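Enquirer: Please read through the structure below; I'll follow up with questions.
What follows is calculated from the coordinates using simple rules that are stated; it is not laboratory data. These figures come from a predicted structure and were not determined experimentally. Here the Cβ is made from the backbone with ideal geometry for all residues, glycine too, and neighbour counts use every protein chain on show.
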Amino acid sequence: MNNLKNNRSRISLKAYGIEHDNFHYQLPPKELHRISLEKGMGEVASSGALAIKTGEFTGRSPKDRFIVKDEVTKDRVWWGDINIPFEADKFDALYKKVIAYLNSKELYVRDCYACADHNYRMDIRVINEYPWSNMFAYNMFIRPTEEELRNFDPEWTVINAPGFMANSEVDGTRQHNFAILNFTQKIALIGGTGYTGEIKKGIFSALNFILPVEKNTLPMHCSANVGAKGDTAIFFGLSGTGKTTLSTDASRKLIGDDEHGWNNENAVFNFEGGCYAKVINLSEENEPEIYGAIKKGAILENVVMDAHGRVDFSDTSITQNTRVSYPIYHIENVQRPSIGKNPKNIFFLTADAFGVLPPISKLTPSQAAYHFISGYTAKVAGTEAGVVEPIPSFSACFGAPFMPLHPAKYAEMLSKKMQEAKVNVWLVNTGWTGGPYGVGTRMKLKYTRAMINAVLNGDLGLYNYDDYHIHSVFGVAQPRECPGVPTSVLSPRATWNDDQAYYTTAFKLTNAFRENFKKFESYASEEIRRGGPQRYAF
Ligand code: ATP
Ligand code: MN
């Protein structure tokens, strides 16, 4: 049995206003797993993983994410409905209430860090009301060695009180839940929601402010892996476009599945120490590495199981956003430490539910900048009968909800780094083929993997123009052949069997691009603007 008493007395929480020492410090995951079961907060799946329910919230709540507006942030943050300001006084008052609440609870405390590159390392203390949330922090952040723990000085603190409900009228929140970043006090204060993703995305958002402002380093919402020859690839994309799925590939070493920095020493480094995969419709056949990572130590969220603990991954009755978190060492083929050289290839993943973007195409530098600022993917409408119209969704830098600065700042840094490193940029449609959502089908994962591997193995050639067709609407270069992929799949128009419907839908999408880009027009150079679609419906 781990020496709890000793462990507990190693730190004090008085500086936070927590007076008691009824807290567990640095419990190993198997203890947190056991305590969660003991408290009736979870069940064991047949795989050995802990299965928990996050409660009212099964996803992030972007409308309840605030940033304290103060000396540090007021002139730097891009304020608006993504980065919503919160008054410093209101923060202090709410903080006191949350701490008073936590003073009556048994707590779980963990010291860990973000950024595999130690020049950028951020030491973090996570204080949780629930044992499984603390186990999530073990899985997702980087685990310090005993040695590193000895001189541990937390720079940022995450205070996570899912059971605390704010009173919006007095507390200044929108409703009972909130996630507030305070850059002066270096605190992420989360309450009223048990969704674990808020914990990791809180720290991600903090790094997305700190790294460019203080360290001239580019933070990215992307996954990354590295090939046998040391060639790094990174994959940008919004939620559900395939960052985790495609970076987890047995033939390449995984660097990380969601958050990375690109420093000035020609390296890409993971912020995290674990992965957080979607498990909707997960199968061992299609995604063996992720499937195999679901074992003791992993936490399944909001899945439905039978009496034997067997998970039905097709059951979305709790949420479509079923998840599993696991420490990165649950994946066999990983890069240690989680750092790779400058990327050779960058993939922009988009799940185009209009089914009009090519499954893979090469972008010019202007197109790369344009698509990065646009950050397009599509949301599919609900599953009600007859509702089949996809909704375009644009999120700057493929991660606007986590980017406190103006998108142009990240875009400028990326463009510069891409030029210096001479990377090739590819747009990959992991969404629909053969027609829009409701008519066509989702691109086969097997084909997407084959296209990506063809790029990474150098089989797609680089700019032998005869091998490419320039798309008449989007202007991107579409390869004519790709090993492992039927030629007919490479041309979206050909998969539709209805040219007129194809172009009508393609113009719907280009018009949406144009509409969205208006807010960036004054920041974008002529060169970037040229990277947009070539034709619009008038
Ligand atoms: P998040 O930012 O929320 O973590 P993500 O970009 O990591 O999202 P994934 O977890 O990889 O997204 O989700 C992609 C989902 O789409 C998976 O459930 C995967 O099985 C499914 N999928 C189906 N077809 C494809 C395809 N052709 N390419 C990639 N993913 C596909
Ligand atoms: Mn992911």
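Enquirer: Could you check the spin-label model distance between residue 170 and residue 336? Points 7 Å from the Cα along Cα→Cβ, value in nm.
Expert: Between residue 170 and residue 336, the simple spin-label model gives 5.2 nm.
Enquirer: Taking Cα centroids, how far is the stretch 177-232 from the stretch 434-473 in Å?
Expert: Answer, in whole Å: 31.
Enquirer: I've got another one for you. Grab the alpha carbons of the stretch 285-376, take their convex hull, and tell me the volume per residue in Å³.
Expert: 177
Enquirer: Grab the eigenvalues of the alpha-carbon gyration tensor for the stretch 73-143, scale each by 5, take roots, and send me the semi-axes largest first in whole angstrom.
Expert: Ellipsoid semi-axes (Å, largest first): 25, 22, 10.
Enquirer: Could you tell me how many degrees, from 0 to 90 and to the nearest 10, lie between the Cα long axis of helix 407-421 and the main elongation axis, the longest principal axis, of the Cα atoms of the chain?
Expert: Roughly 70 degrees, rounded to the nearest 10.
Enquirer: Something else: Loop only per DSSP, at most 13 neighbouring Cβ atoms within 10 Å: give me the trypsin sites (Lys or Arg not before Pro) in the stretch 14-108, ordered by residue number.
Expert: Hits after loop and neighbour filter: 39, 74.
Enquirer: In the stretch 1-96, which GluC sites (Glu not before Pro) are in a loop and have at most 14 other Cβ atoms within 10 Å, using DSSP for the loop call?
Expert: 19, 56, 71
Enquirer: Which entries in 215/519; 74/409; 229/422; 253/446 show an alpha-carbon gap greater than 22 Å?
Expert: In this structure, 215/519 lie more than 22 Å apart at Cα.
Enquirer: Moving on to the next point. Say R0 is 22 Å: what FRET efficiency, to the nearest 0.05, do residue 104 and residue 70 get from their beta-carbon distance?
Expert: 0.15
Enquirer: Towards the positive end of the charge dipole of the stretch 1-138, with charges on Cβ (+1 Lys, Arg; -1 Asp, Glu), say which of 114, 100, 37 has the farthest Cα.
Expert: 37
Enquirer: Angle, helix 365-374 long axis vs. longest principal axis of the chain, Cα atoms, 0 to 90°, nearest 10?
Expert: Around 50 degrees separate the two axes.
Enquirer: As an exercise, use a Förster radius of 41 Å and the Cβ-Cβ distance of residue 97 and residue 280 to find the FRET efficiency, rounded to the nearest 0.05.
Expert: Computed FRET efficiency for residue 97 and residue 280: 0.65.
Enquirer: For helix 445-456, what angle does its Cα long axis make with the longest principal axis of the chain, in degrees from 0 to 90 and rounded to 10?
Expert: 80
Enquirer: Quickly estimate the mean residue ellipticity at 222 nm for the chain, helices only: each DSSP H run with n ≥ 4 gives -39500 (n - 2.57), and the total goes over all residues, rounded to 500.
Expert: My calculation for the chain gives -8000 deg cm²/dmol from helical runs alone.
Enquirer: Please report the projected area of the stretch 3-128's Cα convex hull averaged over all directions, in nm².
Expert: 11.2
Enquirer: If a/c stays under 1.5 just call it rounded; otherwise compare a/b with b/c (prolate if a/b is bigger, oblate if not). Do that for the stretch 274-328, with a ≥ b ≥ c from the square roots of the Cα gyration tensor eigenvalues.
Expert: Here the stretch 274-328 falls in the rounded category.
Enquirer: Would you kindly work out the equivalent ellipsoid of the stretch 32-100 from its C-alpha gyration tensor and give its semi-axes, the square roots of five times the eigenvalues, largest first in whole Å?
Expert: Equivalent-ellipsoid dimensions as semi-axes: 37, 16, 10 Å.
Enquirer: Convex hull over the alpha-carbon atoms of the stretch 207-295: what's its volume per residue in Å³?
Expert: Per-residue hull volume (Cα only) is 97 Å³.
Enquirer: Taking H placed 1.01 Å from N in the peptide plane, check which residues at least 5 places from residue 24 or on another chain put their amide H under 5 Å from its amide H.
Expert: Residues meeting the amide H criterion: 107, 108, 109.
Enquirer: Based on the alpha-carbon set only, what is the convex hull volume of the chain divided per residue, in Å³?
Expert: Expressed per residue, the convex hull around the Cα atoms of the chain is 154 Å³.
Enquirer: Can you say what percent of the DSSP beta bridges in the stretch 1-143, counting only those with both residues inside, are antiparallel? Round to 5.
Expert: 60
Enquirer: Now for a different question. Counting alpha carbon pairs within less than 8 Å and at least 6 residues apart, what relative contact order, in whole percent, applies to the chain?
Expert: It comes to 13 percent, rounded to a whole number.
Enquirer: Ok, one more. Kindly identify the stretch 116-217 as rounded, prolate or oblate by the Cα gyration tensor criterion: order the square roots of the eigenvalues as a ≥ b ≥ c, call it rounded if a/c is under 1.5, otherwise compare a/b with b/c, prolate if a/b is larger, else oblate.
Expert: Because a/c hits 1.5 or more and a/b fails to exceed b/c, the stretch 116-217 counts as oblate.
Enquirer: What Kirkwood Rh does the stretch 387-538 have if only Cα atoms enter the pairwise 1/r average? Answer in Å.
Expert: Taking every pair of different Cα atoms in the stretch 387-538, averaging 1/r and inverting gives 17.4 Å.
Enquirer: Multiply the residue separation of residue 19 and residue 121 by 0.36 nm, subtract the distance between their alpha-carbon atoms, and state the gained length in nm to one decimal.
Expert: Roughly 33.8 nm would be gained on extension.
Enquirer: What ranking, highest mean first, results for peptides 143-154, 316-327 when packing means the other Cβ atoms within 10 Å averaged over each residue?
Expert: Packing proxy ranking, top to bottom: 316-327, 143-154.
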